[in-house]
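What follows is a short report on a single structure.
Read-outs throughout are calculated quantities, based only on the coordinates presented, and are distinct from any laboratory measurement. All values derive from a computational prediction rather than experimental measurement. Quick reminder, even Gly has a Cβ in these numbers, built from the backbone with ideal geometry, and neighbours come from all protein chains shown.
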Amino acid sequence: MAIDWAAVDWPNVGLLSAFVFLAAFIGNVLSFRSRLAAGILTALLFAAIYIFWTYYLHGTAPVPPVKTS
């Protein structure tokens, strides 16, 4: 199955990638070199950032909708 690269919502991909980078950076700083703790903190931080962005900021900074064909 081929991917239609023109149909990818690139701003949404970029935004979520930035969230993951931020969560990973903070998780690694707070984990004190423990890989398991860094992974858990990163997952929790990403979930918190994503939920805040998607559900709390209604009308101020919406995530672009997913396009379906």
Problem - Every residue from the range 22-45 that is assigned to a helix (DSSP H, G or I) and among the charged types (D, E, K, R) - result: R35
Problem - Members of the range 1-41 that are loosely packed, with under 11 Cβ neighbours inside 10 Å and acidic (D, E) - result: D4
Exercise for the section: Please list, ordered by first then second residue, the pairs with beta carbon atoms under 7 Å, 6 or more apart or interchain, first in the range 9-33 and farther than 12 Å from I49 by Cβ, second assigned to a helix (DSSP H, G or I). Expected result: N28/A38; L30/L41; S31/A37; S31/A38; S31/L41
